[in-house]
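The values are calculated or read from the model by the stated rules, or taken from the named source; none is laboratory data. The structure presented is a predicted model; accordingly, all values stated were derived computationally and were not measured. When we count neighbours, we look across all protein chains shown, and the Cβ atoms used for this are built from the backbone with ideal geometry, even at glycine.
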Amino acid sequence: MSPKTLEPLAKKLMKGVIVLELVGIFGAYGLFQYMNNSQDFRSTMNKRLPSVLEVYYKSNEWAGVYGIRERDHVDWASKQE
């Protein structure tokens with residue numbers, strides 16, 4: 001009788017890792033789309049997780065989309081007055 005191999009466990013772990021990566025990718029895409037479509041949500045993110053909002057702004061700037069950050073700051077400043 002041969003000893004049990006770890007191959008079935010390794011396959012299950014790899015499937016789990018792939019599923020987690022896919023959930024992360026779709027979650028990041030969903031968050032980006034929600035932030036892209038809602039200035040109010042970006043305001044909430046600015047208060048709660050400013051580093052995530054900074055990543056959103058940077059990714060848009062890297063893609064060649066400029067002015068979102070400035071527009072947000074102008075709109076938020078006018079709402080505070």
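General observations
- Checking each residue in the range 46-81 for being under 12 Å from the mean Cα position of the chain (by Cα) and among the small types (Gly, Ala, Ser) picks out Ser51, Ser59.
- Being touching a Lys or Arg at 6+ places or on another chain (Cβ under 6 Å), among the aromatic types (Phe, Trp, Tyr) and modelled with pLDDT of 95 or more is a property that Tyr29 lacks.
- Met35 being at pLDDT 95 or above and within 28 Å of Ser78 (Cα to Cα): yes
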